[in-house]
Amino acid sequence: MKKPSSKIREEIARLQEQLKHAETREAERIGRIALKAGLGEIDIDEVDLQAGFEDLLKRFRGRQGVTTGKKRDGGLPPTVASGAAAGGAGEA
């Protein structure tokens, strides 16, 4: 039996709301980590900052799922905090 379009629309709306909440949680988590790393204290163009985050994604994409369950120095690998603060993301 096929679902009526009204049920599908309700499901889509519910999923969109779940997506919105998940994105908010992820943004807050990443924001907290970025602030701990000192990114809130540097003057950097948003485009350069996004490029830095994309580079970071490429660096860690292959390591997804490989965790020890232990936090290191605030949860960040040591090279991330020092590299970002040292201008690795195009500090101006």
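Taken together, the values in this text are just the output of simple stated rules run on the coordinates, not laboratory data. Keep in mind that this is a model prediction, so the values were computed, not measured.
Full extension of the chain between Arg25 and Ser5 yields a length gain of 4.2 nm, computed as 0.36 nm times the residue separation minus the alpha carbon distance. For the pair Leu35 and Val47 in one chain, pulling the backbone fully straight at 0.36 nm per residue adds 2.5 nm over the alpha carbon distance.
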